[in-house]
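Heads up: the structure comes next, in structure tokens.
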Amino acid sequence: MTEKVQGPASYFPSIEKKYGHPVQHWFDLITANCADLKHMEQVKWLQTNHELGQGHANALVHYWRSKNL
């Protein structure tokens, strides 16, 4: 039996499908461009510069921060 993915990672398949990039692409952008910003500033950066929706941007930032801070 496969365990269902929960939390921010549950958004990853829809993010990849909608925006056409693997999630690593977004993590690399966060690392290179806005790693020093606060959580919601990073979310806003993704929304403003790459037109991600609030939920998708928040999921990416939440997951990235859990692995990088």
Answer yes if at least one residue in the range 43-59 is assigned to a helix (DSSP H, G or I), among the polar types (S, T, N, Q) and crowded, with 19+ Cβ neighbours inside 10 Å, and no otherwise.
yes
Residue in the range 4-42 that is farthest from residue 68 (Cα to Cα), counting only those that are modelled with pLDDT under 95 and assigned to a loop (DSSP other than H, G, I, E, B):
4
Looking at the range 1-25, I want the residues that are surrounded by 15 or more Cβ atoms within 10 Å (Cβ to Cβ) and have a partner that is in a loop (DSSP other than H, G, I, E, B) with Cβ atoms under 6 Å, at least 6 apart or on another chain. Which pairs are those?
16/22
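The values are calculated or read from the model by the stated rules, or taken from the named source; none is laboratory data. Every value quoted in this text rests on a predicted model; they were computed, and no experiment measured them. Note: ideal-geometry Cβ built from the backbone for every residue, glycine included; neighbour counts use all protein chains shown.
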